[in-house]
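What follows is one structure encoded as structure tokens, with my remarks underneath.
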Amino acid sequence: MKASLATLLKQKGPIKKIGVIGMGYVGIPSAALFAAVPHYQQVYGFQRDSKTSGYKIRMLNRGESPLKGEEPGLDDLLRRVVCEGKFSCTSDFSKIAELDAVTLAIQTPFRDAKDLIPDFSALIDGIRMAGKYIGKGALVVLESTITPGTTAGMAKTLLEEESGMIAGRDFALAHAPERVMVGRLIRNIREHDRIVGGIDTVSTVRAQELYTPVLTTGRIIPMSATAAEVTKTAENTFRDLQIAAVNELALYCEAMGINVYDVREGVASLKEENVTRAILWPGAGVGGHCLTKDTYHLERGVKILGAGLLDYPQGKESLFTLARNINDFMPVHMANLTTSGLERAGYKTKGRRIALLGWAFIANSDDARNTPSEVYHNLIKEQGAELSVHDPYVEHYPGISIEKDLDVVLHDAGAVVIFTAHAEYRSLNAVKMRELMGEKHPVIIDGRNMVDPDQFIEAGWVYKGIGRGDKNTHPILSR
Ligand code: SAJ
């Protein structure tokens with residue numbers, strides 16, 4: 001009679017050796033934190049030695065982080081665990097055979113959001129590699145954000161196919177979604193509660209054992225693998241929905257001639273015991289690798305797991321995808337504000353030079369994945385404008401030259417458009433900028449409420465801001 005998984009894990013003893021497949025924003029801090037746990041003996045980071053990302057292996061083995069941008073605590077931790085010989089990075093996936101646990105932190109973008117077709121190619125490669133080498137009693141954990149049903153479905157099938165073993169009998173399998181944000185990776189992994197969902201209880205308990213030592217203030221929240229997948233996709237979908245709600249409100253406020261930030265302050269002021277009116281911030285768009293796709297993972301999940309079972313208003317679009325459409329509209333709205341702003345200054349968009357401030361999708365970061373700035377850039381370029389891009393953090397981006405010197409992008413520009421809330425844009429000076437631009441009525445479009453409209457209006461600018469219906473039709477002052 002085959003020993004049960006629980007017996008197998010008991011015989012195997014506590015987790016000592018761990019592998020992390022995927023050396024990116026999630027995998028690197030996770031591996032370093034596992035390696036910092038005293039009773040974890042060895043941690044391997046697995047990375048294919050490809051032209052595009054092979055360099056990471058050599059950097060990591062020198063104790064250097066290949067992640068750009070500020071990541072408090074990561075550099076010191078990495079240097080320490082490499083120095084102690086607890087962490088190393090390799091492209092030799094056969095080392096997985098000696099491990100007690102393997103986690104996968106691999107990107108899961110969508111190939112076609114409209115038809116809900118994800119691009120799981122990189123994830124499938126990673127799962128197959130894990131399946132090829134795992135031994136009896138190993139634990140496999142998916143940390144990537146995935147369509148509900150993937151762990152107990154596709155992943156289980158692939159692992160069993162590659163290993164010739166049975167999940168839940170010969171090895172444990174779970175989903176423990178990452179919940180990190182760039183700029184605070186280490187803190188998020190330690191302090192956020194960790195959702196842990198196994199395909200069975202034994203797998204959940206084994207995964208709890210893996211993550212508990214890494215947490216400081218965070219707690220483990222155990223549930224089933226599918227519930228964990230829904231939790232993760234839902235928390236990002238809800239955030240996207242909240243942002244869409246305040247973006248729609250901002251569009252309404254523009255049309256009604258009022259200031260959305262007054263309204264926001266009012267709505268947020270209604271507090272009572274344990275109840276807050278969570279109203280987020282309107283803006284020029286929603287970017288990043290998470291909110292832009294996790295709604296579609298949730299939609300795909302209910303389409304597959306709930307096929308024929310969902311009771312929903314006939315012919316009505318999902319509230320969640322509608323929210324996606326509203327947030328995807330915001331960079332388009334920024335283009336509309338630019339065109340109407342230039343018209344107020346007496347110009348067509350065609351032939352105008354526009355200074356685009358902020359290429360990163362989020363403030364004070366170099367992360368430009370799915371940046372809304374690109375949607376705007378392409379739209380305005382199509383209208384015949386010439387664009388120059390400034391960003392203090394983003395170094396490179398395919399097809400875009402990013403300028404570090406603000407004066408260079410402002411020189412001879414007819415309009416300035418703020419897309420990212422980088423801190424330095426709070427101290428823009430209307431008079432100095434106007435001189436640099438050499439325009440009688442330069443135009444400014446504020447997509448993140450970074451500047452004081454009155455300072456610019458006073459200096460003879462044409463001002464337009466997201467949600468600023470109170471200012472967007474201001475009289476133009478001659479200066
Ligand atoms: N944004 C707004 N208004 C807001 C908040 C954000 O327009 O009030 C925009 C940002 O400018 C950005 C985008 O939305 O373009 C996403 O911003 P974010 O703050 O949500 O950053 P992410 O996508 O890196 O982080 C989210 C977080 N999810 C939740 O808070 C539910 C993070 O906790 C997740 O770990 C991360 O997704 C992820 O990896 O899933």
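The values are calculated or read from the model by the stated rules, or taken from the named source; none is laboratory data. Because the structure is predicted, anything quoted here is derived from the model rather than measured. Here the Cβ positions follow ideal geometry from the backbone for every residue, glycine too, while neighbour counts run over all protein chains shown. Just the protein is used for accessible areas: all its heavy atoms, side chains included, with ligands, DNA and RNA removed. Shrake-Rupley method; radii C 1.70, N 1.55, O 1.52, S 1.80 Å.
Structure data summary
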| quantity | calculated |
| --- | --- |
| Restricting segment 370-385 to residues that are within 16 Å of the ligand (Cβ to nearest atom) and under 18 Å from D446 (Cβ atoms), the residue that is surrounded by the fewest Cβ atoms within 10 Å (Cβ to Cβ) | V375 |
| Lone qualifier among A250, A245 - being touching a helix residue (DSSP H, G or I) at 6+ places or on another chain (Cβ under 8 Å), open to solvent by 60 Å² or more (accessible area, probe 1.4 Å), modelled with pLDDT of 95 or more and within 12 Å of the ligand (Cβ to nearest atom) | A245 |
| Cβ pairs under 9 Å, 6+ apart, first in segment 226-238 and open to solvent by less than 40 Å² (accessible area, probe 1.4 Å), second part of a helix (DSSP H, G or I) and within 9 Å of the ligand (Cβ to nearest atom) | K232/D294; T233/D294; A234/D294; N236/D294; T237/D294 |
| Any pair with Cβ under 6 angstrom, 6 or more apart, that starts in segment 424-437 at a residue that is touching a residue at least 24 places away in the same chain (Cβ under 8 Å) and ends at one that is open to solvent by 90 Å² or more (accessible area, probe 1.4 Å) | L436/H411 |
| Any chance I57 is open to solvent by 10 Å² or more (accessible area, probe 1.4 Å) and modelled with pLDDT of 95 or more | yes |
| Members of segment 33-42 found to be touching a strand residue (DSSP E or B) at 6+ places or on another chain (Cβ under 6 Å) and either assigned to a helix (DSSP H, G or I) or within 16 Å of I57 (Cα to Cα) (or both), listed by number | F34, A35 |
| Qualifying helices (runs of 4 or more DSSP H) (wholly inside segment 116-213; at least 3 residues being among the aliphatic types (A, V, I, L, M)) | 121-133, 185-191, 201-211 |
| Test for E70: is it modelled with pLDDT under 95 and open to solvent by 30 Å² or more (accessible area, probe 1.4 Å) | yes |
| Residue match in segment 211-219 (condition: more than 16 Å from the ligand (Cβ to nearest atom) and more than 24 Å from the chain's Cα centre (by Cα)) | yes |
| Residue in segment 105-123 that is under 19 Å from I15 (Cβ atoms), in contact with a strand residue (DSSP E or B) (Cβ under 9 Å, 6 or more places away or on another chain) and buried (at least 21 other Cβ atoms within 10 Å of the Cβ) present | yes |
| Some residue of segment 137-158 being over 28 Å from V302 (Cα atoms), at pLDDT 95 or above and open to solvent by 10 Å² or more (accessible area, probe 1.4 Å) | no |
| Exclusive hit being open to solvent by less than 10 Å² (accessible area, probe 1.4 Å) and either at pLDDT below 95 or more than 16 Å from the ligand (Cβ to nearest atom) (or both), set T338, T321, T276 | T338 |
| Checking K95 against (1) open to solvent by 30 Å² or more (accessible area, probe 1.4 Å); (2) in a loop (DSSP other than H, G, I, E, B); (3) in contact with a helix residue (DSSP H, G or I) (Cβ under 8 Å, 6 or more places away or on another chain), the condition it does not meet | (2) |
| Selection within segment 280-306 - near the ligand (Cβ under 9 Å from one of its atoms), surrounded by 19 or more Cβ atoms within 10 Å (Cβ to Cβ) and among the aliphatic types (A, V, I, L, M) | A284, V286, L291 |
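The rows are residues; the columns are (1) outside any strand (DSSP E or B); (2) crowded, with 23+ Cβ neighbours inside 10 Å; (3) of a type in the set (A, V, I, L, M); (4) on the phi > 0 side of the Ramachandran plot.
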position	(1), (2), (3), (4)
T349	yes, no, no, no
I362	yes, no, yes, no
L387	no, no, yes, no
V394	yes, yes, yes, no
